[in-house]
Amino acid sequence: MDRQQLVKYSRQINLADIDIEGQQRLLQSRVMIVGLGGLGCVAAQYLTAAGIGHLTLIDGDSVDRSNLQRQILHYEQDMGRAKVDSAKDKLTRQNSDVSISTYAHFADEIYLNKNIPRHEVILDCTDNYATRCLINKLCFKYKTPLVSGAAIRMEGQLVSFEYEPEQACYECLATLFGEQQLSCVEAGVLSPVVGVVGSLQAVECLKQLLNIGNRSKYEEKHQIELMLYDAMNNEFKTFSINKNPACKICS
């Protein structure tokens, strides 16, 4: 790192769990964000500010007026543009240390199968059940950590997967709730709720990259923790998710 970077990231470097070595690790890391909607916009901003070396942004959608209430990287003048292009413009201006590549298509198996192994952490910021299951399947295949977030109405959900032998995967979790039929279009969502969940996804991603906190690979873990956020009552609740012995992906 040069002197300017030491100043830019000084508040992170001052943290004992990060220091110069940890910041250097972040500057050399590669993270994939699937979905540049409400969750992805927030997570991408914080990861860019934190100094992630390379971000890959994936989304096949374009900016619509109804997105502007919660997708904070997209402005009124961006309507009609590809979301990945709109996001890249803002993030590039935010931090020139970060290189950004884009895929202006919806996530497909061929692309993900080729590119997931090139990244250290994957963020699932999508709102599509089939895509979530596809991302999980390929992250399990390559044992690439996955941070999954969701938000609807005034509720949020966060869960991270490391794919240790005795741990559950997203498919195990999905069998508990089934395929979610509602989206923000039908049910609505309070805009700061996606901000809370997207920020937490960024935190979990950084912890994975730095190997710190309760996601440390040095700790023996057999259960996955699901965090639920209730904005109406300002409550967080955490539940342990066990591996499904009949899971078609991880068992």
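Points to keep in mind about this one:
- Selection status of Gln12, without any contact (Cβ under 8 Å) to a residue 40 or more places away in the chain and either within 21 Å of Asn128 (Cα to Cα) or not small (Gly, Ala, Ser) (or both): yes
- The number of residues in segment 50-100 that are assigned to a helix (DSSP H, G or I), over 17 Å from the mean Cα position of the chain (by Cα) and over 21 Å from Ala151 (Cβ atoms) comes to 8.
- Members of segment 76-121 that are basic (Lys, Arg), without any contact (Cβ under 8 Å) to a residue 12 or more places away in the chain and farther than 30 Å from Val7 by Cβ: Lys114
- Some residue of segment 192-208 being at pLDDT below 95 and touching a Ser or Thr at 6+ places or on another chain (Cβ under 9 Å): no
- When segment 19-75 is limited to residues that are charged (D, E, K, R) and touching a residue at least 24 places away in the same chain (Cβ under 8 Å), the one that is farthest from Cys139 (Cα to Cα) turns out to be Arg70.
- When restricted to residues that are outside any strand (DSSP E or B) and more than 17 Å from Ala151 (Cβ to Cβ), segment 225-251 contains 10.
The values are calculated or read from the model by the stated rules, or taken from the named source; none is laboratory data. As the structure is a computational prediction, the values presented were derived from the model and not from experiment. In this analysis, Cβ positions are derived from the backbone assuming ideal geometry, glycine residues included, and neighbour counts consider all displayed protein chains.
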